[in-house]
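Below is one structure, written out as structure tokens; the observations come after it.
The values are calculated or read from the model by the stated rules, or taken from the named source; none is laboratory data. All of these numbers come straight from a predicted model, not from anything done at the bench. When we count neighbours, we look across all protein chains shown, and the Cβ atoms used for this are built from the backbone with ideal geometry, even at glycine. The accessibility values were calculated without ligands, DNA or RNA, using every heavy atom of the protein model including side chains. Shrake-Rupley method; radii C 1.70, N 1.55, O 1.52, S 1.80 Å.
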Amino acid sequence: MAFKEELIDIHGSQIQLLSDGSGEPLLYLHSAGGEVAWLPFFEMLSRDFKVYVPAHPGFSKSGGLDKIDTVHDLVFHYTDLMDALGLKTALVAGLSLGGWIAAELAVHHPERIRKLALMGAVGLYWKGAPPMPDIFAASGPQTREIVFFDPNSELARMVIPDNPTAEQLEAVLKAREATARVGWNPYLYDPRLIERLYRITMPTLLIWGDSDRLVSIEYGKAYQKGIKGSRLMTIEKCGHAPPIERPEPTAKALREFFK
Amino acid sequence: MQCHLFHLMPYPHLPPDFDDMKKYPTSWVIFSNKHYDPVKGVEIYNRYLDELEWAEELGFDGVCVNEHHQNAYGTMPAPNIMAAALTRRTKRVKILVLGNGLPLRDHPLRVAEEIAMLDVMSGGRIVSGFVRGVGVEYFSMGVNPTYSRERFAEAHDLIIKSWTEPGPFDFEGKHYRVRYVNVWPRPLQKPHPPIWIPSFGSRDTGVWCAHPSRKYAFLSTYLPDKTVKGLFDACFETARQHNYELSPYQLGRLMPIYVAETDEQARREGNQHIAWLFHRGLRYIPEMLFPPGYLSPSAALFMAKSYHEVDWTKLSVDEMSEAGYCVVGSVETVKRRLANSMKEMGWGILMPLLQIGDMPADRTRKNMKLFATEVMPYLRAEFDNLHPMMAKSA
């Protein structure tokens, strides 16, 4: 695991960035859980791509939340980050909150994303879909129930422990605040996004866990309907976080799509 | 000493199985309002207002109302409405709104206008409390809690400016922008009604209140003696750093108090109602009590470590009484406990909560009467002994 971890300056905001691999640049935008660690999923992808995993402003070791009020400020931030990394275009994959940011980035700058993958993405309000449970009101064990296909697995208990260390607790508090900043009200969506999805013209793959209890597959169908030519696929025995709960089939699907 | 009767106006008619914590994890926000019976509401609102009005006759200096949303603990979502009712039925007492939840409001100028109205209506008897609201109330109102601290600071600045500078002027903030700030009516008291800040154990708030540019009264709620002492010491320290002497009227304590003929009788009569307050009324879901960004990062980490201190559901009433969250006892016990606390901590404002939880009217009146006739005069005399220079200024 020779991944590189650094703090880079994006117009005055210190941003934590993990990266490794070689090949076409792949920008991964993480979820509200703040998975900024070199996961097996990233290791798998780094065999074929140059994988970048930045922490959103306010998450993990990143600063800069003071410059963020809405998801659109994150779009400016990621445009700046791509500029700073010298990425004229990239493959972009986002999970949940990161999927929302990726979709907004694609709406604003379709020319900078060669291919787009949205996994369990929030961002839409869809009347036909079951409402999302309130993650801000949920306890740790309740969050495990919401997020994982198997909330009692060793993995689920490691990702969301019952008794977090001081360091884990600090990361959780930061992640909650940075998520709430853009996602408290409206609750994890942009009312205008659904009518702007037509601007997403690059090849797009939608990946959903077949048992996503947070963002039901109906939201995946709403994205599919809005993004011309997009494909929706499900990962078996998987909850809200395919890259974390089922890294192998998810990485395989992404590799085939991105290559 | 100043003594102001506090009231929460709780809704006492909870379901009989409310102690089932699985079924009813909280009495706030997600506890359905189908349990509120407005017919019973007619009776309790009027009863509670009668109690507040009677406080004037009993010799209290003031009566306190406060803002809480979507709960059985305190049914005053709009405290200025209760204050308005009191302006017409009382003549002498101060009316303390403790306080308006500034970040929860759409616009701070509504608070500026309403408090100014009340001050004029009451002939200058208003004390204006400002609060951020309990964390759970950000779920109730949909206001983004990550802006709570910013919105409070900005709303405070706008309100004070609107009361003290001639309008119209424009205000360009981050959260509030108004081209024409020009509040009619203006408040009667000069430069504006006193500002008091109830707080739930925040040292930062205490230091902010004690700053010489503000000198706002800092009020502690529901905390044990040792915590209150630490907070008040921080206020004294702030004043010393700025070369002035903190007045006892810059520190206040809100406490549930039950006084009876003997210690044993006080426990027998009072404990059940104090248990209602702490174990039912203040039953919270931790994640909802501290929503994202509501506390500063350092305060959030501190709270995560010391949550047991405010997890009242795990403390018995005797334990809480012992630690000073509340006072229960005979006249002698209550006198001694409060006089000691006043002496050791340096406060000059007491806000006794004498209607507690599901305490019925007759018991409330007995408690109020005994407190007002036996305890209050004693504390006033003790205060005058401690602070002879202030003896006449209360």
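Label zone (A:Ala84, point 7 Å along Cα-to-C-beta; backbone nitrogen cut-off 19 Å) within region A:153-186: A:175, A:178-179.
The Cβ shell under 11 Å around B:Val375 holds other residues with a net charge of +2, Lys and Arg each +1, Asp and Glu each -1.
Backbone geometry of region B:75-88 corresponds, through the Karplus equation with coefficients 6.51, -1.76 and 1.60 at θ = phi - 60°, to 3J(HN,Hα) couplings of 9, 10, x, 10, x, 5, 5, 5, 4, 4, 4, 6, 4, 8 Hz, x marking Gly and Pro.
Of the residues A:Leu155, A:Ile113, A:Leu173, the one whose Cα sits farthest toward the positive end of the charge dipole of region A:82-182, with +1 on the Cβ of Lys and Arg and -1 on the Cβ of Asp and Glu, is A:Ile113. Simple spin-label estimate for B:Thr164 and B:Ala78 gives 3.0 nm between the two label positions (7 Å along the Cα-to-Cβ direction from each Cα). In sequence order, region B:45-60 has phi-based couplings of 4, 5, 5, 5, 5, 4, 5, 5, 5, 5, 4, 4, 4, 7, x, 5 Hz under the Karplus curve 6.51 cos²θ - 1.76 cosθ + 1.60, θ = phi - 60°, and Gly or Pro positions carry x. Based on alpha-carbon atoms, the Kirkwood radius and the radius of gyration of region B:1-159 give Rg/Rh equal to 0.99.
Given 37 °C and 0.692 mPa s, how large is the Stokes-Einstein diffusion coefficient of region A:50-122 in µm²/s, with Rh as the Kirkwood radius over Cα pairs? For these conditions, the coefficient is 265 µm²/s.
DSSP beta bridges in the protein assembly as shown, what fraction antiparallel, as a percent rounded to 5?
Numbers: 15 of 73 bridges.
In the protein assembly as shown, DSSP labels about 20 percent of beta bridges as antiparallel.
Simple spin-label estimate for B:Tyr307 and B:Tyr45 gives 3.6 nm between the two label positions (7 Å along the Cα-to-Cβ direction from each Cα). Placing +1 on each Lys and Arg Cβ and -1 on each Asp and Glu Cβ, with no other charges, gives the protein assembly as shown a dipole about its Cα centre of roughly 1160 debye.
Each Lys and Arg Cβ is given +1 and each Asp and Glu Cβ -1; about its Cα centre, region A:30-72 then shows a dipole of about 120 debye.
Once the Cβ-Cβ distance between B:Arg89 and A:Lys127 is put in as r, and R0 is 51 Å, what FRET efficiency do you end up with, to the nearest 0.05? All intermediate terms of the calculation are to be shown ahead of the outcome.
Numbers: r = 49 Å, r/R0 = 0.96.
The pair B:Arg89/A:Lys127 has a calculated efficiency of 0.55.
Close amide H contacts of A:Ile235 (hydrogens built in the peptide plane, cut-off under 5 Å, sequence separation of 5 or more or a different chain): A:Trp208, A:Gly209, A:Asp210. For A:Ile10, the residues 5 or more places off, or on other chains, whose built amide H falls under 5 Å of its own are A:Ile15. Couplings 3J(HN,Hα) of region B:116-129, computed from phi: 4, 4, 4, 5, 6, 4, 8, x, x, 9, 8, 10, 9, x Hz, in residue order, whole Hz [Karplus 6.51 cos²θ - 1.76 cosθ + 1.60, θ = phi - 60°; x for Gly and Pro]. May I ask you to derive the relative contact order of chain A, considering only C-alpha pairs under 8 Å and at least 6 residues apart, and to give it as an integer percent? Reported relative contact order: 20 percent.
Considering only Cα-Cα distances, which of the following residue pairs are longer than 30 Å: A:Lys174/A:Lys259; B:Lys215/B:Lys335; A:Lys221/B:Lys174; B:Lys34/B:Lys229; B:Lys34/B:Lys94; A:Lys228/A:Lys252? Mind dumping the intermediate values first?
Numbers: A:Lys174/A:Lys259 35 Å; B:Lys215/B:Lys335 28 Å; A:Lys221/B:Lys174 38 Å; B:Lys34/B:Lys229 41 Å; B:Lys34/B:Lys94 35 Å; A:Lys228/A:Lys252 23 Å.
From A:Lys174/A:Lys259; B:Lys215/B:Lys335; A:Lys221/B:Lys174; B:Lys34/B:Lys229; B:Lys34/B:Lys94; A:Lys228/A:Lys252, over 30 Å: A:Lys174/A:Lys259; A:Lys221/B:Lys174; B:Lys34/B:Lys229; B:Lys34/B:Lys94.
Placing unit charges on the Cβ atoms only, positive for Lys and Arg and negative for Asp and Glu, gives chain B a dipole magnitude near 660 debye about its Cα centre.
Across chain B, C-alpha contacts under 8 Å between residues 6 or more apart give a mean separation that, scaled by the residue count, equals a relative contact order of 20 percent. I'd like to know which of B:Val111, B:Ile274, B:Pro256 lies farthest towards the positive end of the charge dipole of chain B, counting +1 on Cβ of Lys and Arg and -1 on Cβ of Asp and Glu. Highest projection toward the positive end goes to B:Val111. Near A:Val122, the amide H atoms lying under 5 Å from its own belong to A:Ser96, A:Leu97, A:Gly99, A:Trp100; only residues 5 or more places off or on other chains count, and H is placed 1.01 Å from N.
For region A:1-133, what is the number of Lys pairs with C-alpha distance below 21 angstrom, counting only pairs 8 or more positions apart or on separate chains? If you can, show how the numbers build up before the last one.
Numbers: A:Lys4/A:Lys50; A:Lys4/A:Lys61; A:Lys50/A:Lys88; A:Lys50/A:Lys115; A:Lys88/A:Lys115.
Within region A:1-133, the lysine pair count is 5.
Shielding of peptide A:129-135 by partners, expressed as the average count of other chain Cβ atoms within 10 Å per residue Cβ, is 1.
Available extension along the chain between A:His72 and A:Gln14 is 19.0 nm, counting 0.36 nm per residue and deducting the alpha carbon span.
What is the sum of charges around B:Ser341, taking Lys and Arg as +1, Asp and Glu as -1, for the other residues whose C-beta is under 12 Å from the C-beta of B:Ser341? Spelling it out: positives minus negatives among the neighbours equals +4. Within the shell of other residues whose beta carbon sits under 10 angstrom from the beta carbon of B:Glu287, the net charge comes to 0, with Lys and Arg scored +1 and Asp and Glu -1. Each 20 Å bin from zero holds the following percent of Cα-Cα pairs in the protein assembly as shown: 17, 44, 28, 10, 0. Placing dummy labels 7 Å off each Cα toward the beta-carbon, the span from B:Lys369 to B:Glu172 is 6.3 nm. Annotation for the B:A interface, with buried accessible surface near 1400 Å², both sides summed [1.4 Å probe; non-protein components not counted]. Of the options B:Val93, B:Leu301, B:Leu188, report the single residue whose Cα projects farthest towards the positive end of the charge dipole of chain B (beta-carbon charges: Lys, Arg +1; Asp, Glu -1). Of the candidates, B:Leu188 comes out farthest on the positive side. Accessible surface calculations at 1.4 Å, restricted to protein heavy atoms, place the protein assembly as shown at 42 Å² per residue. Report summary: the helix-based calculation at 222 nm, which adds -39500 (n - 2.57) for every DSSP H run with n ≥ 4 and divides by the residues of chain B, gives -12500 deg cm²/dmol.
In whole Å, what three semi-axes, largest first, describe the equivalent ellipsoid of chain B built from its Cα gyration tensor (square root of 5 times each eigenvalue)?
Those come to 30, 26, 22 Å.
The spacing between region B:94-163 and region A:1-53, judged by their C-alpha centroids, is 45 Å.
Strictly greater than 26 Å: what percent of every Cα pair in region A:102-259 meets that? Before the final figure, lay out each step's value.
Details: 3656 of 12403 pairs.
The calculated P(r) of region A:102-259 puts 29 percent of pairs beyond 26 Å.
Applying 1/(1 + (r/R0)^6) with r as the Cβ-Cβ distance of A:Lys252 and B:Asp19 and R0 = 45 angstrom yields a FRET efficiency of 0.30.
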